[in-house]
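In what follows, a structure is listed as structure tokens, so that the remarks can point back to it.
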Amino acid sequence: MKDMNQHTGYAAVEFDEASQKHVMDWSMQLKSSDLVTANINGKIKGGNVTEKLHLTIFYGFDEDNLDQSNLVALITKLDIPTVNIVGIGMFPAKEFDCNVLYFSVSDESGKLQSAFERLKGFPHFANHQNINFKPHITIAYVTKDFNPNLLSNEYPRQLKVKQIVHHSCR
């Protein structure tokens, strides 16, 4: 659980418009009855999240102690031209009492893992880090009984990277 006094940030891969549109079109097969949303601090969260399609490389920067110019310099040098999709999966989202539907991502080149390791060198909150970095792209928050095997396997196999960005959040 995030400490409300922590000013956190993250680095994410964002995709080009054509890649994002392909994923959004594919996700339209999800029915509204499959999706879960919640009102968290006055904001509706969850549901189909493909309109903000991204792959988080690192979450949990300590924004109050972060040298943003050094971070941006590193992010600018990261060379990740495409991301390969290898499947669909789900994991539980306890804060929403549902599951997260996601695309599994292949990192055969090791570029995503290497970026994660390099970004870990910046000030961050350890409580946000998983032991194993597993790159994925969140598609939607779905009911616990949702069956991903009913989805078409006509999802994109490769997404073109537009940019890698740093976001700060409170």
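The values are calculated or read from the model by the stated rules, or taken from the named source; none is laboratory data. This is a predicted model, so every value here is computed, not measured. Cβ coordinates were reconstructed from backbone atoms using ideal geometry, including for glycine residues, and neighbour counts include every protein chain displayed.
Here are the numbers for the structure shown:
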| quantity | calculated |
| --- | --- |
| Failed condition for Val100, given (1) under 28 Å from Ile40 (Cα atoms); (2) modelled with pLDDT under 95 | (2) |
| Given (1) under 24 Å from Ile164 (Cβ atoms); (2) more than 18 Å from the chain's Cα centre (by Cα); (3) charged (D, E, K, R); (4) at pLDDT 95 or above, number of the condition Asp67 does not satisfy | (4) |
| Selected residue (criterion: nearest to Gly60 (Cα to Cα)) from residues of the stretch 95-112 that are surrounded by fewer than 14 Cβ atoms within 10 Å (Cβ to Cβ) and without any contact (Cβ under 8 Å) to a residue 24 or more places away in the chain | Gly110 |
| Where a residue in the stretch 139-153 is over 25 Å from Thr56 (Cα atoms) and its partner, wherever it lies, is assigned to a loop (DSSP other than H, G, I, E, B), with Cβ under 9 Å and at least six apart | Leu150/Gln29 |
| Positions within the stretch 113-133 being surrounded by 15 or more Cβ atoms within 10 Å (Cβ to Cβ), basic (Lys, Arg) and assigned to a loop (DSSP other than H, G, I, E, B), in sequence order | none |
| Strands (runs of 3 or more DSSP E) wholly inside the stretch 38-102 that include at least 1 residues being charged (D, E, K, R), more than 23 Å from His124 (Cβ to Cβ) and out of contact with any Phe, Trp or Tyr (no Cβ under 9 Å at 6 or more places or on another chain) | 43-46 |
| Matching residues in the stretch 25-46 - criterion: being of a type in the set (Gly, Ala, Ser), surrounded by fewer than 18 Cβ atoms within 10 Å (Cβ to Cβ) and modelled with pLDDT of 90 or more | Ser32, Ser33 |
| All positions within the stretch 111-147 that are over 18 Å from the mean Cα position of the chain (by Cα) and modelled with pLDDT of 95 or more | Thr143, Lys144, Asp145, Phe146, Asn147 |
